[in-house]
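The values are calculated or read from the model by the stated rules, or taken from the named source; none is laboratory data. Note that this is a predicted model, so its numbers are computed, not measured. Cβ: placed from backbone, ideal geometry, glycine included. Neighbour counts: every protein chain shown. Each accessible area value is taken on the protein alone, full model and side chains, heavy atoms only, with ligands, DNA and RNA left out. Shrake-Rupley method; radii C 1.70, N 1.55, O 1.52, S 1.80 Å.
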Amino acid sequence: MRPVRSAAALISYFCGALVLNLLGFMTLAAVLPQLITEWGLTSTEAGWLGGIYFAGYVAAVPVLTALTDRIDPKRIYLISSLVTGLASIGFAVFAEEFWTGLVLRFLAGAGLGGTYMPGLKALTDQLPASSRSRGVTYYTGVFALGTAFSFLIGGEVAVEFGWRWTFVTAGFGCVAGAAIIALVLPAAGSRPPPPSVLAAFGQLLRNRAVVGYMISYFGYAWEVFAFRVWVVAFLFFSQAHNALGDGVLIPTVWATLFALLGVAANMAFGELAIAFDRRRVVIVVSIVSLAAGVSVGFLSDADYSVVIMICVVFAMLTSGRNAPTNAGLVAAAPEQLRGAAMALHATIGYAGGILGPLAAGIALDAAGGIGQPGGWTAAFLAISTGAVISALALACLNRRRD
């Protein structure tokens, strides 16, 4: 296998992953308030639209990522990125109501299933063992950076040209990212045949350390994606509740800043987990994240500056668990089963990305809707459930020091 040796090649590889997500990952969240109004969506339907993207991911990722143990991850990456791009453009052209949008967002998520984890597998295959944890940290940081700017770019394009052009832009971003990867990422060489997928899954599910990180990732995805799907709508509520005028930053800008701070936290906690016991780092961050999320909920009707400050802390704590959790999985999984391990990890983890936004939407509807402080209290209690899951998974299933 020809490794990615030069700094320029590594930077270019990360740029491809960045561009792929820069324009499209959280596009739906950036325009969700407009879709709620234009399509007459309930909060539960809006939660489905936010979560179905991750349902597509979960449906595709066990197959596509497991295949990286057998075929070149680069092929899977390129085809999948084009699927996501076409689905995004299709959303712009054809989506007129809830059900059409649901199908197209599912397809876009399925394309993501062939890029994120297969891309990470392609990178870790070409790094020495001593560099893999840091490589995971940087890769997930770049991914998070792209998702952060997708709020801002999606919101600004929607303001200038309408929400449909937001999805067109996202589609072309996927094509541009695929072009960079096609030029930079080396093809994989030959490899020994791994065990069957079912045998690999069975072996991994008997590994308590591996399963602990998988369930912890479920909690991470539940919390972080529920927050990202609903944060723009929440900030619109808070601004209206505080009767603020046009002199404040628009919610999509704040959402971008939250996500950018999450990138910094992801890198910092990733490095912290290299220096100290990774398991304990994730547990402590999860517990503090729970406290921050509950605080946002109970202070949902507080002064806007207070809401922003707590959201900053919460955003950093939710995003910061990504790198150490992924690195823990890579370290715990047998090398010959790494692709299968990442497939299971992503499937179980991103199931949280489906259920978290939906749970928050159901809680909103049950407690009064998006216009009531009690609705947002219930929503953030639902969102913060993810931190409880993350902490308990590692505390109960993985009791060894990392």
(request) For the range 200-307, with all protein chains present and a 1.4 Å probe, just round the carbon and sulfur fraction of the accessible area to a whole percent. (result) 69
(request) Quick one: net charge around Met267, please, counting Lys, Arg +1 and Asp, Glu -1 for every other residue with C-beta under 15 Å from its C-beta. (result) +2
(request) Would you mind listing how long the chain runs along its three principal axes, going by Cα atoms, in whole Å with the largest first? (result) 62, 46, 37
(request) Pop a pseudo-label 7 angstrom from the Cα along the beta-carbon direction at both Arg206 and Ala264 and give the gap in nm to one decimal. (result) 4.7
(message) Run the simple label-point estimate for Phe94 and Val248 please: 7 Å along Cα→C-beta, distance reported in nm.
(response) 3.9
(request) Quickly work out the Thr37-to-Ile79 label distance, labels modelled 7 Å from Cα along the C-beta direction, and quote it in nm with one decimal. (result) 4.2
(request) Any chance you could give the angle, 0 to 90 degrees and rounded to 10, that helix 132-161 forms with the longest Cα principal axis of the chain? (result) 30
(message) P(r) for the range 330-402, please, calculated from all Cα pair distances in 10 Å bins and given in %.
(response) 18, 33, 27, 15, 7, 0
(request) Keeping every protein chain in place, order Lys121, Lys74 by accessible area at 1.4 Å, biggest value first, i.e. largest first. (result) Lys74, Lys121
(request) Compute the accessible area per residue over the chain, keeping the other protein chains in place, probe 1.4 Å, unit Å². (result) 36
(message) Using only DSSP helix segments of four residues or longer, with each worth -39500 (n - 2.57), what per-residue ellipticity at 222 nm results for the chain after dividing by its residue count and rounding to 500?
(response) -27500 deg cm²/dmol
(request) Place a +1 charge on the Cβ of each Lys and Arg in the range 242-329 and a -1 charge on the Cβ of each Asp and Glu, then give the dipole magnitude about the Cα centre in debye, rounded to the nearest 20. (result) 440
(request) Please compute the net charge surrounding Phe98, taking Lys and Arg as +1 and Asp and Glu as -1 over other residues with Cβ under 13 Å from its Cβ. (result) -3
(request) Work from the charge dipole of the chain (Cβ charges, +1 for Lys and Arg, -1 for Asp and Glu, about the Cα centre) and give the residue of Ile181, Phe237, Leu261 farthest towards its positive end. (result) Ile181
(message) Ignoring GluC sites (Glu not before Pro) that are buried or in helix or strand per DSSP, and keeping those with at most 16 other beta carbon atoms within 10 Å, what is the longest stretch of the chain between them?
(response) 98-402
(request) Identify, among Leu397, Gly368, Met342, the residue whose Cα sits farthest towards the positive end of the charge dipole of the range 314-402, taking +1 on the Cβ of Lys and Arg and -1 on the Cβ of Asp and Glu, with the dipole about the Cα centre. (result) Leu397
(message) If you take every residue apart from Thr318 with its C-beta less than 14 Å away from the C-beta of Thr318, what net charge results, scoring Lys and Arg +1 and Asp and Glu -1?
(response) +1
(request) For the chain, find the longest principal axis of its Cα atoms and tell me its angle to the long axis of helix 322-332, 0 to 90°, nearest 10. (result) 20
(request) Relative to the longest principal axis of the C-alpha atoms of the chain, give the angle of the C-alpha long axis of helix 373-397, reported between 0 and 90° and rounded to the nearest 10°. (result) 20
